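Contents: one structure, followed by commentary.
Values in this text are rule-based calculations from the coordinates and carry no lab data. Quick caveat: nothing in here was measured; it's all calculated off a predicted structure. Ideal geometry is used to build each Cβ from the backbone, glycine not excepted, and the neighbour counts take in all protein chains shown.
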Amino acid sequence: MSLLKKLFEPVDMTEGSPWQKIVLFTVPMLVGNIAQQLYNTVDSVVVGNYVGDNALAAVGSAGPILNLLIVLFVGISVGAGIMVSQYFGARQKEQLSTTIGNCITLTAIATLFVMVVASLIARPLLELLGTPESIIDWCHSYLLILFIGSAGLAYYNILSGILRGLGDSMAALAYLLVSTIVNIVLDLLFVAKLGMGVNGVALATVIAQLISAVLCMYRLMRMTEIFELKKSHLKLKKEYTMRVIQLGLPSGITQAIFSMAMIVVQSLTNSFGEMFIAANVIVMRVDGFAMMPNFSFGTAMTTYAGQNVGARLNDRVDKGARQGTLIAMGTSAVITGLILIFGKALMGIFTKTPELVELSRDMMGILAVGYIAMAVTQSLSGVMRGAGDTMTPMWISIATTILFRVPIAYGISYFTRTPELPNGRQECIFISLLITWMLGAIITFICYKSGKWKNKAI
């Protein structure tokens, strides 16, 4: 059997060294997550360099609303990944087939909902946030194209989640790399050559995401030795549908709460003007790459815990949780150092405006050490989700976001107001985020050590 074929085989994480299986599973997924982050980053780089700083601000300001209105996809993806990994670990082929079929149908329903509802409320949300008149039309057209073409985004996320639940992170990576290259080429064609501006980057993203979704579906259809997909499996069954929703809803709600908090904070961000909005966009794009290892390890830990819980290997779950979390923390420590050393060069990729580069670097410096804390949160939350406890991570996220992030941001803003700074200090946005990350890590560790999550398996 060739090495390439071995790489593309589903990974059984119930055997072998836990840390090795986790790392081998995480690496291709990390590369894939970085590639996916390139979607938004390339959009920002292209519009920032070929259209201007206001276009850069427009693309970034649309982000919180986009994230809020795709929470249905997040929920289905998480629920699907957990059920698939547990049924795969338990070697239950019929239940696995029904789960996958039901998730495909659920995704179609969710996509239609988002296409209609999100398209109608995008403009009112932008106006509610006080989006500057200079960028609101760009924001709206960007969002409209993404929502109308959301099928690719939806199916890639759900189908790649299913593939990862089956232990196959390589296929999702390969297909995402293909679509990322397509996205970059189309960005340059539509914006640099055809002058389509913000609409061009949105259209490029939609086309590239659709390609990745088609490729994932093709891969699943060839995995007949693991599951079968018949018409009967596509028919919604209450038991499976409700279980997917039950497992995925907390993550969807978490994403919704987080996105709503981001929207509330975005309103505060908008009060600091276009320059700070653009700086926030740049920081969030770099943050996306810095956070990728944490998200990747978190997803890997969900699959690892799901398969081993399904196989009733609880001692192996604990061992993998310790090893995986330590490796994630070490990885984040390295990334934090790189951000502090090369921060200015990273910011300079997005804009040639010196003041914007300097402001972005300063704000990024505030967040740097928080990535180590997020390694703990994501890894241990992943373990709890994989075991079937999606509620605890949800409540932690809600508590830290609503009780800490928003009040701290507005509190610092209020108490630092001066005649020269009528809206307070800009740093409030990022100081509040750092504090939230640190508190989240502490609370997650305490909840993990309590062990209550072990009783939530399917």
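Please list the radius of gyration and Dmax for the stretch 225-357, considering alpha-carbon atoms only, with Å as the unit.
21.0, 60
Starting from the Cα of Lys237, step 7 Å toward the Cβ, then list every residue of the stretch 151-180 with an amide N under 19 Å from that point.
162, 166
Give me the percent relative contact order of the stretch 69-215, please, defined on Cα pairs under 8 angstrom at least 6 residues apart.
30
Hey, what's the Kirkwood Rh for the stretch 71-192 if you take every pair of different alpha carbons, in angstrom? Intermediate results must be reported in sequence, preceding the final value.
Working: mean 1/r = 0.0608 Å⁻¹.
Computed over Cα pairs of the stretch 71-192, the Kirkwood hydrodynamic radius comes out at 16.4 Å.
Straight distance only, please: which lysines reach the Cα of Lys237 with their own Cα at less than 23 Å, same-chain residues fewer than 8 apart left out?
Straight-line reach from Lys237, under 23 Å: Lys93, Lys456.
Which lysines, if any, have their Cα less than 26 Å from the Cα of Lys352, not counting same-chain residues under 8 positions apart?
Candidates past the 8-residue exclusion: Lys193, Lys344.
Kirkwood Rh over Cα pairs of the chain into Stokes-Einstein at 25 °C, 0.890 mPa s: D in µm²/s?
D, rounded to a whole number, is 110 µm²/s.
Amide H neighbours of Arg425 under 5 Å, at least 5 residues apart or on other chains, H built in the peptide plane: list them.
Residues meeting the amide H criterion: Thr416.
Between Val27 and Asp12, what length comes free when the chain is fully extended (0.36 nm per residue of separation minus the Cα-Cα distance, one decimal in nm)?
3.8 nm
Can you give the calculated 222 nm mean residue ellipticity of the chain, where each DSSP H run of n ≥ 4 adds -39,500 (n - 2.57) and the sum is split over every residue, rounded to the nearest 500 deg cm²/dmol?
Estimated from H runs of four or more residues: -27500 deg cm²/dmol.
Collect residues whose amide H, placed 1.01 Å from N in the peptide plane, falls under 5 Å from the amide H of Met196; neighbours closer than 5 in sequence don't count.
Val191
Please compute the contact order of the stretch 28-124 in relative form: average sequence separation of alpha-carbon pairs under 8 Å and at least six residues apart, divided by the residue count, as a percent.
21
Given q = 0.12, 0.21 Å⁻¹, what are the Debye log10 I(q)/I(0) values for the stretch 320-418, with equal point scatterers placed on the Cα positions and solvent ignored?
Log-scaled intensity ratios, in q order: -0.60, -1.08.
Could you work out the relative contact order of the chain? I mean the mean sequence separation of Cα pairs under 8 Å and 6+ apart, divided by the number of residues, in percent.
23
Using alpha carbon coordinates only, what is the Rg to Rh ratio of the stretch 293-359, with Rh defined as the Kirkwood radius?
On the way: Rg = 18.4 Å, Rh = 14.4 Å.
Expressed as Rg/Rh, it is 1.28.
Could you give the length gained on full extension between Glu127 and Glu420, defined as 0.36 nm per residue of separation minus the Cα-Cα distance, in nm?
Working: separation 293, 0.36 × 293 = 105.48 nm, distance 2.70 nm.
Length gained, Glu127 through Glu420: 102.8 nm.
Tell me the net charge near Met275. Cut-off is 12 Å between Cβ atoms, Met275 excluded, with +1 for each Lys or Arg and -1 for each Asp or Glu. Let's see the in-between values first.
On the way: positive: none; negative: Asp53, Glu274, Glu355, Glu358.
Residues near Met275 contribute -4 overall.
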